[in-house]
Amino acid sequence: MSNNEISKEEVDQYDRQIRLWGIEAQNRLRNANVLIIGMGGFGAEVTKNIVLAGINSIVLMDDKNVTMVDGSCQFLIDITKDIGRNRAECSVSRTKLLNPNVKVSFIAETIKNLSNDYLKKFDVICATTGSQEDITRLDETCRENGTVLFFGCVQGTFAYYFIDAGSHEYTKKTIKNQETTYSEDVQEFPKFSDVLETRNPSTLLIKALDFITGVKKPILMEFGVACAVIGGIVAQEIIKAISKKDPLYNNFFVFDSQGDGSGQFYKVLKEKYPCQKFD
Amino acid sequence: MAVNCANLLPIELCEKVKNSKVFMVGAGGIGCELLKNLVLVGFPYIEIIDLDTIDVSNLNRQFLFRKEHVGKSKAEVAKESALKFNPNTKIIAYQDNIKSDKYDVDFFKKFNVVLNALDNRSARVHVNRMCLAADIPLIESGTAGYLGQTTLIKKNLSECYECTPVSGQKSYPGCTIRNTPSELIHCIVWSKHLFNQLFGEADADEEVSPDTEDPEAAGDAGEAVQKNLDFERVSTRKWAKENDYNNLKVFTKLFHDDIKYLLSMTNLWTERTPPKPLVISELSDTQDNQSNVIPDQRIWSIKECFDKFSNCLKELKERIKDDENLIWDKDDDIAMDFVTSAACIRAHIFGIQRKSRFDIKSMAGNIIPAIASTNAIIAGLVVLQALKVVQGRAKDCRHIYMNLMPNPRNKLPVSGYLCEPNPKCYVCSKSSIAVRLAPENITLRFFQDKILKSSLGMVAPDVELDDGKGTIVISSEEGETTENMDKTLSEFSIKNGSQLKCDDFLQRYEVTIVIAEASKEDLPEDQEFEVVGDIEQLKSKKDDVQNENGKNGKNEKDDTDFLEVISDEEMEVSEPKKRKAEDDNEVPSGKRLKTDAIEIE
Ligand SMILES: [Zn+2]
């Protein structure tokens, strides 16, 4: 639990969300440390939402520099001044302004160069970029460390994410005959490498997996609106993962912003179990 | 310099975006996210209006604002912050009321699409009518906690905001509030009334003393009535003033004498636990063991309640030195302490579980929780809808929901087809409305203020009689019909079946109201009129009443419009009474989704 008391100022600032998820969840958020890998539009949206929610610290990581295309989705950089500079570094000052309570820093690194010891510091890692090998290794490390891993991309107008929360313990809320009861429950998540072996018939899911495995060439632009939608959903899942309230969506999500506005969840398991619906 | 949508969207769509004009109503939670999305996508021309200023409790989600902006105009600061994302955008900001006649039909007509990011029903009703009158597509949206939705409102294509009438506002019968509270909310409502009686504008509907006309207590309070009559003649405020707001006297009157009096109405307590009058010297200071809570979440002891109550009386008395009327505000600490302490004391007397100041603030201020992520998702979906409208594909818009869990087909957000306009809608389908009332009891002023303005959402109505001469009984021109206002409907021979042509020029909205006479007993408890909808509904209602002897005869729809129930923020304090329905934080009803969308796969 918290080792430092929440202040009156924080209670006022977070009033509207404490009324939603309670003081205990807020205290868990106040002690959570998050790493965002890839500071494009998707990374910026997730960062904004969880910094506003009031986590303890966030590290922004990117090894790329700002280019013109960032102007269509990345609102944490200053497109009039930052072109050619490191994307993570440029995002720090506006991120700090979102919520002065949150410690914000950056690293200009690649996933390969991150040590297990460094990764251990984080409760949640959200990668919005990375090769299949990078993410496979990162996922193994996160499972060992008990870190929740989100991995997703916005490819043009198409967006998807995968989550591995290992064995995730959470408090389950049941309402029966108007009476609310709470119980402890555990969700088991398949590993990233297993998910890639699935034989799922859904074209949307196959499209996402083709991007992940490199069958499809990456699209270098992120559509801002797709970033907003998936960034909101991932941020909400990060908050759930940290606060350990309510079950997480297990384990794959696809959103096509050229579709009808709906998003599609999948529970993707290993090859022998084709995609299962979760109820 | 802006790359924006060029490489991602079809060229013809980009061209249309480049030539579009957008009007955003509201710069709050959804509004901040929406403005960011519009600017990043490359919408070149945006006008934005919001009357509000920035509050510290906005900062957990309205990310265009920071601490140093508290107190400044939302529209202005949102504009300045969003321009940093794309300095080429033209943004015009108004800190103003959307209902002002500056924003008339011609003003609306210059836009390709209007985006609502509002937090209250009355403004939504107004913009709905303006967009119908100007025939401009309107994208509506709303969120509450984890829930949210967006839809398109377009004349002749889809349902308007008022196609599904809302069931009557949640109000509590006066005798429950004054005599027999059974839930904490009754005590909170009573305490807010008490605040107004003592320090604000007294309202006859907000009496706090025992109600001797309680039908349950009939013929029971004879002797006591005599005793109390003296008090009834003097207003609560006058009485308190004469006693210099002395805490001992006020406390004893409210929490001892009045309770004793209630006890004398013995019929009330045959099947209820009788209340226990309090004596100041015997107040308990015991507190439950409360760990792991913030100070505001601690439940006060009764002794503590008395101390807070006394302190509030002292402070508030100072504020009304110049005979000022205070307006209760949940964000005013003393006003909030007053309601918390008074409500807890009253709850204790009636054996009702007390709650903390934190929880009572939610209930008294109708606070709706709000977070950044839901607003971000909904605002993203709003822009997808706006792009379809701009592209000329309005019919491809959907009614889209954010829910707590994916639907059975694992979809979230969930989208469904737009509903067709309701052919009986009194707003978009020129249907008439029946209003049940007693013409001899209703003045034209009441008809104008409570029925036409509050209930039917008009801003400046004109009313014409069907007397063959077209007599104007209410005019929106200042002073033209002032002398009529205190006369009753009967004095103008308005009776059962009379048709009144009501017209709001600003909204270009016209509706015929058919009067259906109803005596006080026929009307819902404590209400002086009832809007029934169209004539057929009135008929079916009468049948219901006859068949079921009034029980459950309210022809109410249970699939209330989610946009009605939710809002981005708490309600404005200025209109607390008619908004009570909005604090019900309901999960959106899936019933409104007529068909599940076809899977893309
Ligand atoms: Zn309608």
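Since every read-out is calculated from the coordinates, none of them should be taken as a lab result. These numbers come from a predicted model, not from an experiment. Glycine gets a Cβ as well: all are built from the backbone with ideal geometry, and neighbour counts include every protein chain shown.
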- Query: Between B:Asp329 and A:Ser193, what is the label-to-label distance in nm when each label sits 7 Å out along the Cα-to-Cβ direction?
  - Reply: 6.2
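For the protein assembly as shown, what does the helix formula give at 222 nm: sum of -39500 (n - 2.57) over DSSP H segments with n ≥ 4, over the residue count, nearest 500 deg cm²/dmol? Mind dumping the intermediate values first?
Working: 26 runs with 283 residues, N = 880.
So the calculated ellipticity at 222 nm is -9500 deg cm²/dmol.
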- Query: Hey, rough spin-label estimate for B:Lys469 and A:Thr181, points 7 angstrom out along Cα→Cβ, what's it come to in nanometres?
  - Reply: 7.3
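Taking every DSSP beta bridge with both residues inside the range A:1-137, roughly what % is antiparallel (nearest 5)? Numbers along the way, then the final one.
On the way: 1 of 15 bridges.
Given both bridge residues lie in the range A:1-137, the antiparallel proportion sits at roughly 5 percent.
Averaged across A:15-27, how many Cβ atoms of other chains sit within 10 Å of each residue's Cβ atom?
That average works out to 6.
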- Value of relative contact order over the range A:8-278, rounded to a whole percent, pairs C-alpha under 8 Å and six or more apart: 20
- Item | All lysines inside 23 Å of A:Lys245 as judged from Cα atoms, apart from same-chain residues fewer than 8 positions distant | A:Lys48, A:Lys120, A:Lys121, A:Lys172, A:Lys173, A:Lys176, A:Lys191, A:Lys267, A:Lys277, B:Lys411
- Task: Would you mind checking the range B:113-128 for residues with the amide N under 17 Å from a putative spin-label position 7 Å along Cα→C-beta of B:Asp203?
- Result: B:121-122
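Could you tell me which trypsin sites (Lys or Arg not before Pro) in the range A:12-41 are loop residues by DSSP with no more than 14 other beta carbons within 10 angstrom of their beta carbon? List each step's numbers first, then the result.
Working: sites: A:Arg16, A:Arg19, A:Arg28, A:Arg30; in loops: none.
Passing sites in the range A:12-41 do not exist.
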- Item | Shape call, the range A:16-149: gyration tensor on alpha carbons, a/c limit 1.5 | oblate
- Distance between modelled label sites at B:Asn7 and B:Ile320, nm, 7 Å Cα→Cβ extension: 6.6
- Correct response: the longest run of chain A lacking exposed GluC sites (Glu not before Pro), defined by DSSP loop and at most 16 other Cβ within 10 Å, is A:6-108
- Task: Treating cross-link reach as a plain straight distance, find the lysines whose alpha-carbon is under 23 Å from the alpha-carbon of B:Lys361, omitting any fewer than eight places away in the same chain.
- Result: A:Lys8, B:Lys67, B:Lys170, B:Lys192, B:Lys303, B:Lys308, B:Lys314, B:Lys317, B:Lys330, B:Lys577, B:Lys578, B:Lys580
- the range A:194-225 and the range A:21-83 have their Cα centres apart by a whole-number Å value of 23
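Per-residue mean of other chain beta-carbon atoms within 10 angstrom of the beta-carbon, peptide B:82-89? Spell out each step's value before the answer.
On the way: counts 1, 0, 5, 11, 5, 3, 1, 0.
Mean shielding by partner chains, rounded to a whole number: 3.
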- Message: Could you give each residue of the range A:20-33 its phi-based ³J(HN,Hα) in whole Hz, using Karplus coefficients 6.51, -1.76, 1.60 with θ = phi - 60°, and x for Gly or Pro?
- Response: 9, 10, x, 6, 5, 4, 5, 5, 5, 4, 5, 10, 9, 10
- Taking θ as phi - 60°, what are the ³J(HN,Hα) couplings along the range B:305-318 by the Karplus curve (6.51, -1.76, 1.60), each to the nearest whole Hz, with x for Gly and Pro? 4, 4, 4, 4, 4, 4, 4, 5, 4, 5, 5, 6, 4, 4
- Task: Rounded to whole Hz and in sequence order, give me ³J(HN,Hα) for the range B:332-339 from the Karplus expression 6.51 cos²θ - 1.76 cosθ + 1.60, θ = phi - 60°, writing x for Gly and Pro.
- Result: 8, 4, 5, 4, 6, 4, 4, 5
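Could you sort B:179-186, A:229-236 so that the peptide with the highest average Cβ count within 10 Å comes first and the rest follow in order?
Values: B:179-186: 19.5, A:229-236: 28.4.
Ranking the peptides B:179-186, A:229-236 by packing returns A:229-236, B:179-186.
State the antiparallel share, in %, of DSSP beta bridges confined to the protein assembly as shown, rounding to the nearest 5. Please report the intermediate quantities before stating the final value.
Numbers: 62 of 102 bridges.
For the protein assembly as shown, the DSSP antiparallel bridge percentage is about 60.
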- Note on the structure: For B:Cys160, the residues 5 or more places away or on another chain with a placed amide H closer than 5 Å to its own amide H are B:Asn422
- Gyration tensor (alpha-carbon) shape descriptor, the range B:174-364, a/c threshold 1.5: oblate
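Relative contact order (percent) for the range B:241-350, with alpha-carbon contacts under 8 angstrom and 6 or more residues of separation? Please report the intermediate quantities before stating the final value.
Numbers: 82 pairs, mean separation 34.1, N = 110.
Relative contact order here is 31 percent.
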- Message: Between the range B:386-431 and the range A:176-193, how far is it from one alpha carbon centroid to the other, in angstrom?
- Response: 32
- Message: Give me the inter-chain shielding for A:214-225: mean count of other chain Cβ atoms within 10 Å, whole number please.
- Response: 4
- Once amide H atoms are built 1.01 Å from N in the peptide plane, which residues 5 or more positions from B:Tyr94, or in another chain, come under 5 Å H to H? B:Ile48, B:Ile49, B:Asp50
